[in-house]
Amino acid sequence: MTASGNLFILSAPSGAGKSSLIKALLAQGKKESSRPMQVSVSHTTRDARSGENNGEHYHFVSAENFKKQIKKNAFYEYAQVFGNYYGTSEAAIDAQLAQGIDVFLDIDWQGAQQVRMKKPSVTTIFISPPSRKELENRLRGRGQDSDENIAKRMSQAQNECSHFQEFDYIIINDDFEQALVDLTTIVNNQRLKRSQQIAQHQVLLDELIC
């Protein structure tokens with residue numbers, strides 16, 4: 001029997017290293033774990049950018065289609081950002097979880113609140129930078145943003161960090177390798193819970209007490 005997959009939410013201010021941690025975790029999992037893991041592919045109404053593929057980076061849909069799905073209550077969470085909609089399909093996530101796949105949602109605290117309302121069992125993880133100064137250094141080190149945009153990102157980061165108490169786990173991403181160990185530990189902890197182990201090893205456990 002296959003245990004249901006676990007649903008994880010990872011949230012962080014821009015520059016905290018969340019995307020890098022998820023990428024490293026999945027790469028590590030392919031080598032070391034027999035249990036599949038994947039990042040959820042969101043739906044969006046924005047146009048695909050160069051190099052983006054439908055179904056891989058996003059599910060690109062029309063605004064009309066997206067609004068119909070909203071009316072059907074088809075999303076775990078959704079938001080409108082700069083005129084475009086983004087959302088996480090409830091049916092798609094549930095289908096993956098039913099196959100025993102651990103699914104990771106890369107969303108902000110507002111999306112996390114919406115998902116938690118529909119699925120209280122979700123595991124939420126907040127990735128924090130080690131300091132405001134280090135976060136600013138990382139943003140500047142990218143070489144992609146103007147001073148004005150960096151100031152906006154720092155203000156947004158303060159807002160993001162003000163919601164850390166809403167999350168189950170907090171990882172301080174000071175040393176990347178240690179942060180990856182911490183993230184791996186959280187994932188393994190969920191997999192080793194009694195309900196998961198019973199579903200996965202029911203025959204063995206029944207045999208041991210007969």
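Taken together, the values in this text are just the output of simple stated rules run on the coordinates, not laboratory data. Quick caveat, the model's predicted, so the values are computed rather than measured. FYI the Cβ positions are ideal-geometry reconstructions off the backbone, even for glycines, and counts take in every protein chain you see.
Annotations
- Filtered trypsin sites (Lys or Arg not before Pro), region 68-125: DSSP coil and at most 13 other beta carbons within 10 Å: Lys72
- Residue-averaged [θ]222 nm for the chain, counting only DSSP H segments that reach four residues, each worth -39500 (n - 2.57): -14500 deg cm²/dmol
- Summed side-chain charge close to Thr124 - residues other than Thr124 whose Cβ falls under 11 Å, Lys, Arg +1, Asp, Glu -1: 0
- Structural size metrics of region 31-125, computed from C-alpha coordinates, are Rg and Dmax of 13.8, 43 Å.
- This model, with +1 at the C-beta of Lys and Arg and -1 at the C-beta of Asp and Glu, gives region 91-158 a dipole about its Cα centre of some 160 debye.
- Excluding exposed DSSP-loop GluC sites (Glu not before Pro) (at most 14 other C-beta within 10 Å), longest clean stretch of the chain: 57-210
- Positive-end residue of Thr44, Gly29, Asn6, charge dipole of region 1-73 with Cβ unit charges: Asn6
- Rounded tilt (10° steps) of 132-142 against the dominant C-alpha axis of the chain: 80
- Seen from Gln158, the other residues with C-beta closer than 14 Å to its C-beta sum to a net charge of +1, counting Lys and Arg as +1 and Asp and Glu as -1.
- Degrees separating the helix 176-191 axis from the principal Cα axis of the chain, which is the longest one: 40
- Near Gln38, once Lys and Arg are set to +1 and Asp and Glu to -1 for all other residues with Cβ below 13 Å from its Cβ, the sum equals 0.
- Dipole in debye (nearest 20) - the chain, about Cα centre, beta carbon charges: Lys, Arg +1; Asp, Glu -1: 360
- Charge-dipole axis of region 71-210 as Lys and Arg at +1 and Asp and Glu at -1 on Cβ define it, positive-most pick from Gly83, Val181, Ile171: Gly83
- Across the chain, the mean sequence separation of Cα contacts (distance under 8 Å, 6 or more residues apart), normalised by length, yields a relative contact order of 32 percent.
- Computed over region 50-113, relative contact order equals 21 percent, with contacts defined as Cα pairs under 8 Å that lie 6+ residues apart.
- Average 1/r across all pairs of distinct alpha carbons in the chain, invert it, and you get the Kirkwood radius: 18.7 Å.
- For the set Lys72/Lys119; Lys118/Lys193; Lys71/Lys118; Lys71/Lys152; Lys18/Lys152; Lys31/Lys133, the pairs lying more than 24 angstrom apart at their alpha carbons are Lys71/Lys152; Lys31/Lys133.
- When +1 charges are put on Lys and Arg Cβ atoms and -1 charges on Asp and Glu Cβ atoms, the dipole computed for region 131-194 relative to its Cα centre reaches about 220 debye.
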